[in-house]
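The values are calculated or read from the model by the stated rules, or taken from the named source; none is laboratory data. Just so it is clear, the model here is predicted, and its values are computed rather than measured. Methodologically, a virtual Cβ is constructed for each residue, glycine included, from the backbone with ideal geometry; neighbour enumeration extends over all protein chains shown. Remember, those area values only see protein heavy atoms, side chains included, never the ligands or the DNA or RNA. Shrake-Rupley method; radii C 1.70, N 1.55, O 1.52, S 1.80 Å.
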10 protein chains.
Amino acid sequence: MSREMLETFDNEFPERDYEIEIIAPEFTSVCPKTGQPDFGVLRIVYTPAAKCVELKSLKLYLQSFRNQGIFYENVTNRILDDLVAVLSPRRMKLVAEFSPRGGISTNVTCTHVASHD
Amino acid sequence: MSREMLETFDNEFPERDYEIEIIAPEFTSVCPKTGQPDFGVLRIVYTPAAKCVELKSLKLYLQSFRNQGIFYENVTNRILDDLVAVLSPRRMKLVAEFSPRGGISTNVTCTHVASHD
Amino acid sequence: MSREMLETFDNEFPERDYEIEIIAPEFTSVCPKTGQPDFGVLRIVYTPAAKCVELKSLKLYLQSFRNQGIFYENVTNRILDDLVAVLSPRRMKLVAEFSPRGGISTNVTCTHVASHD
Amino acid sequence: MSREMLETFDNEFPERDYEIEIIAPEFTSVCPKTGQPDFGVLRIVYTPAAKCVELKSLKLYLQSFRNQGIFYENVTNRILDDLVAVLSPRRMKLVAEFSPRGGISTNVTCTHVASHD
Amino acid sequence: MSREMLETFDNEFPERDYEIEIIAPEFTSVCPKTGQPDFGVLRIVYTPAAKCVELKSLKLYLQSFRNQGIFYENVTNRILDDLVAVLSPRRMKLVAEFSPRGGISTNVTCTHVASHD
Amino acid sequence: MSREMLETFDNEFPERDYEIEIIAPEFTSVCPKTGQPDFGVLRIVYTPAAKCVELKSLKLYLQSFRNQGIFYENVTNRILDDLVAVLSPRRMKLVAEFSPRGGISTNVTCTHVASHD
Amino acid sequence: MSREMLETFDNEFPERDYEIEIIAPEFTSVCPKTGQPDFGVLRIVYTPAAKCVELKSLKLYLQSFRNQGIFYENVTNRILDDLVAVLSPRRMKLVAEFSPRGGISTNVTCTHVASHD
Amino acid sequence: MSREMLETFDNEFPERDYEIEIIAPEFTSVCPKTGQPDFGVLRIVYTPAAKCVELKSLKLYLQSFRNQGIFYENVTNRILDDLVAVLSPRRMKLVAEFSPRGGISTNVTCTHVASHD
Amino acid sequence: MSREMLETFDNEFPERDYEIEIIAPEFTSVCPKTGQPDFGVLRIVYTPAAKCVELKSLKLYLQSFRNQGIFYENVTNRILDDLVAVLSPRRMKLVAEFSPRGGISTNVTCTHVASHD
Amino acid sequence: MSREMLETFDNEFPERDYEIEIIAPEFTSVCPKTGQPDFGVLRIVYTPAAKCVELKSLKLYLQSFRNQGIFYENVTNRILDDLVAVLSPRRMKLVAEFSPRGGISTNVTCTHVASHD
């Protein structure tokens, strides 16, 4: 759950404003209140500046939440913060769609735009 | 059916303009004219300001309509009003999709925007 | 087929700009040229001003076209005109999707916006 | 609604046991109790003996129920009886899937097998 | 929740072995353990003998479970028993598909065959 | 393949800016290079001015391409040109979706806007 | 439209009872009564004996029906007869699903089993 | 991961041969070779004899595999063995559909039939 | 393309008649006639006897066809033969669904049953 | 993998701003890190200026990546660069949707707009 786990590689097309979408349908963490596992689909859409996230390190970073107790809103905002800190992207959006609990399902959508964008 | 049933927790990311979508597919109330049960899917999408709605209290609040007679348009506007009163969100939209009656189905969509937004 | 069939009730939230969508999948009339029945799905989306349409009267009004000969374009525009005359809505859109004839299907979309909107 | 409306043509492959499926998604009649229109999809599957049903006459025969009051079970059995009387097929199945009423939908399935089959 | 609520009408085609399928997607009762509402889709498939179930009485009978506490397995078996007692059908199958709880969903399927069938 | 085949009727609602969509899923022509048949779905969306296209004449006009050799881009632009010449619509869009060839499929979208619109 | 157009190649696994399914979604012929084009999806499923049908020759054979007037039942039985004559398969089934005409669609299913099978 | 976790309740309809299907879409364990998490959907279908499985205990039992290293085939057979040991059902089938790995997905289906059935 | 590439592991439940389904949607080889790449989805369903196929070796074995010219029927039968030779399963079925070519798609289904089964 | 493989033909409607969409669902290359094949769907949408891309040459150009090691981001940007160099389109967008690896899938979207557009 440390952002140091995230590795990057150089964006070879930094002059072009293009979009990378990463879909991770196997995210799981634990509800801090009930101790029950939560499941969700994460969709990360970003426009890289100098760096892109390396996919294998992203997978291991996401897996590190597996046994951590953390609320929906917090985990979504935290992952966005970590990715923004490591990548400094031009723009990034994170959509987290969590499985229903008690007949009710929740999606959280966070967006970051570089201040100089 | 009282807005006092709705509990909140502090938004830990009040500076970020992000979106929470809550989908409650098991809403049911009673038609005041025919006494027949109505069924609907509620979709609540909001951008929190200082507070977020606690999901379990929301579930109990929605269940409190189970045996109440109330029209489509009224129940949709009322739930929006209650949530806005308790949360003072930056923006909130409520979409209610009701099951067909007499071969005709009805959806109601209400939106609230904070006056200072 | 008379707009006098359409009954209304008072909009209890006239200050809010909200949307009501009514989906009537069992519309049928008769082609005036061939005498063959036509079938279609009507979608009415409107923002009420002072009045809302009562659903049962709408159902009976739509059923009154059952044995009338009328063309696609005419029936769509006429129903919009009748609803606008009775409701004076802020905005109204009517989409009529007709079943295929001769391997070709036709949809007609009409929109009304109140002149003072 | 008379079986005399049904026309036939000779089966050119009477020695082969093959199957014809006819799907008529625009069937409509009237509920004798409420006077409200009913809508359904009819699926006719049969193995012809000496005769096949002519499609245009079948369409007109089915349209003749448009303004007749008749219950689900009766209309399904009656259409099967009429087709069997006119075609004497080796086997015939009629599935009628009616649109929901009061939140409940009904399908009726009738089968005929020639006694010498 | 009393089988006396179920009304019947005479099967006009008792000599034919045909099938009636009734789909009721708006069934709801209450979990006796948690007090939480349960939701399910009921599919009733039967071959009538002398009697058919009247649909409006079936709807009211199913609605009478709305505020009753009863387990999945019990409600499914009980409805089958009530329908069999009232209709004495040749064969009847009841499939109940309940909405997920705790991430797990349950379906129950019961079958009755008349002993002389 | 002559635009003279296209017949029109008067738009009875010329003062209203409304939309007619025509979907013709059975278009077929021939590839001029390989001699192989091409298949496509045409979607015509237009806002009529003084005239609407008559559907049966449109069907026969489209069928007249059946044995003509013509490329994807050309047939799409030509049909749009013919319809615009005959109808002088306020706006018209033609989308042609062709079936895959060599594992690759092609869609062509052309738009016309009246110069005085 | 001549079975001489159908070419074959040797089945290299004649000792194994295996199945080849060929789906041809672009079949078109002409209705002999109305002169209007018909469209259909053909599904051929067969267990080869000594020979398999060569796909390109099958495509050209099916295309040869493009401008021929022939009824649904006849074209289905004829294609089955031609393929059986050329391939002498252990078993063959041909399912032809034709596009709707007058709101009614027709499927024809023919089966051949080798007499020594 | 101990079968002692599984609780049961008495089947109140032991004389009837009926079926209970339980769908658990949030199963996860760990690959013993790679240490990577596996995900799967479990479908349990059984005909109870004297006992039924209690759903909450089943949920906790399945969750106990969360951090255990175990192969696809072993986990499926083991869960079936545990459920059979505790329930002694008349019949039970367990289908486990695992998410793709390396572009390849695997499903395992095990069946138990009571020897006296 | 050598069956020596296929590795196995011991079936730990040899006494149980259970089923393993492996779905490989990324199969590709080359058409020996045209030199064009072919694409297909392979579905392998088998009941293991003493051995199961190891998934990573299966993946590499299937990838070894990537640049080989081989016909649909041959590749399907060959893969079945190789897997049967290595695993000696009780039963095995291989379904190969190839992408359309020239508007026509082909599926091949082969089955092996152990002679002592 | 050379842009010289791409052939063009003259746009016969250069004065019209229209759109051509090409969908190539059978793209495959090789991951330079693991040596494993990658699979993706490419969607090219462009507005031609003087030239259009010839489809067969495009197919062969895309096939030339089959055994090349190249990363997702690079292959997408490179194909866009090659097409832009050869066609000088008014606008072009390339969307590449790659199959999941390690449970995570990636899409890359690049856009080019002519500087004088």
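Within the accessible area of chain B, the carbon and sulfur atoms contribute 52%, probe 1.4 Å, all protein chains present.
With protein chains left intact and a 1.4 Å probe, residues in chain A average 41 Å² of accessible area per residue. Where a ≥ b ≥ c are the square roots of the eigenvalues of the C-alpha gyration tensor, would you call the protein assembly as shown rounded, which needs a/c under 1.5, or, failing that, prolate if a/b is larger than b/c, or oblate? Taking the square roots of the gyration eigenvalues as a ≥ b ≥ c, the protein assembly as shown is rounded.
Relative to the longest principal axis of the Cα atoms of chain F, helix F:72-87 runs at roughly 20 degrees. At a 1.4 Å probe, which residues in region D:71-90 are at least 40 Å² less accessible with all protein chains present than in their chain isolated? Hits at the 40 Å² cut-off: D:73, D:74, D:77.
When B:1, J:5 are compared by accessible surface with a 1.4 Å probe, the order from highest to lowest is J:5, B:1. Nearest beta carbon of chain E to the E-to-A rotation axis, with distance in whole angstrom: E:100, 3.
Of the beta bridges in the protein assembly as shown, as assigned by DSSP with both residues counted there, near 95 percent are antiparallel.
Summary value for region C:65-117: 36 percent relative contact order, contacts being C-alpha pairs under 8 angstrom separated by 6+ residues. A simple charge model with +1 on the Cβ of Lys and Arg, -1 on the Cβ of Asp and Glu and nothing else charged puts the dipole of chain H at about 420 debye relative to its Cα centre.
Only helical runs count toward this figure. For chain H, summing -39,500 (n - 2.57) over DSSP H runs of n ≥ 4 and dividing by all residues gives -6500 deg cm²/dmol at 222 nm. In this structure, the residue pairs whose Cα-Cα separation is over 22 Å, taken from A:59/I:56; D:51/D:93; C:51/E:56; F:59/J:59; I:56/I:93, are C:51/E:56; F:59/J:59. If you take all other residues with their beta carbon under 14 Å from the beta carbon of residue D:3, and give Lys and Arg +1 and Asp and Glu -1, the sum is -3.
Using Cα pairs under 8 angstrom and six or more residues apart, how large is the relative contact order of chain A, in percent? For chain A, the relative contact order is 29 percent. Charge tally around residue E:30: other residues with Cβ under 12 Å, Lys/Arg +1 each, Asp/Glu -1 each, net +2.
Of the residues I:95, D:113, G:108, ranked by 1.4 Å probe accessible area with the largest first, the sequence reads D:113, I:95, G:108. Would you please classify the overall shape of region I:64-113 from the alpha carbon gyration tensor, given that a ≥ b ≥ c denote the square roots of the eigenvalues, rounded means a/c under 1.5, and beyond that prolate means a/b larger than b/c while oblate covers the rest? Oblate, since a/c reaches 1.5 and b/c is not below a/b. The local environment of residue G:48, defined by Cβ-Cβ distances under 11 Å, has a net charge of -1 under the rule Lys, Arg +1 and Asp, Glu -1.
Only protein heavy atoms count here, probed at 1.4 Å, and on that basis chains F and C bury about 1500 Å² of accessible area in total. A straight line joining the Cα centroids of region J:3-47 and region H:52-68 runs 49 Å. In a DSSP loop and with at most 10 other Cβ atoms within 10 Å, the GluC sites (Glu not before Pro) in region D:1-108 are D:15. Between residue B:12 and residue E:68, the FRET efficiency from the beta-carbon distance, with R0 = 45 Å, is close to 0.60. Farthest toward the positive end of the dipole of chain H, out of H:104, H:42, H:72, is the Cα of H:104, where the dipole comes from beta carbon charges about the Cα centre. Remark: region G:12-57 carries a charge dipole of roughly 260 debye about the Cα centre, counting +1 on each Lys and Arg Cβ and -1 on each Asp and Glu Cβ. For the set C:109, I:106, H:111, solvent exposure ranked by accessible area (probe 1.4 Å, protein chains only) runs largest to smallest as H:111, C:109, I:106.
Taking chain C as a Gaussian network, Cα atoms linked when under 10 Å apart, which of C:33, C:51, C:93 shows the biggest mean-square fluctuation? Result for chain C, Cα springs under 10 Å: C:33 fluctuates most.
Under the convention that each Lys and Arg Cβ holds +1 and each Asp and Glu Cβ holds -1, the size of the dipole of the protein assembly as shown around its Cα centre is about 0 debye.
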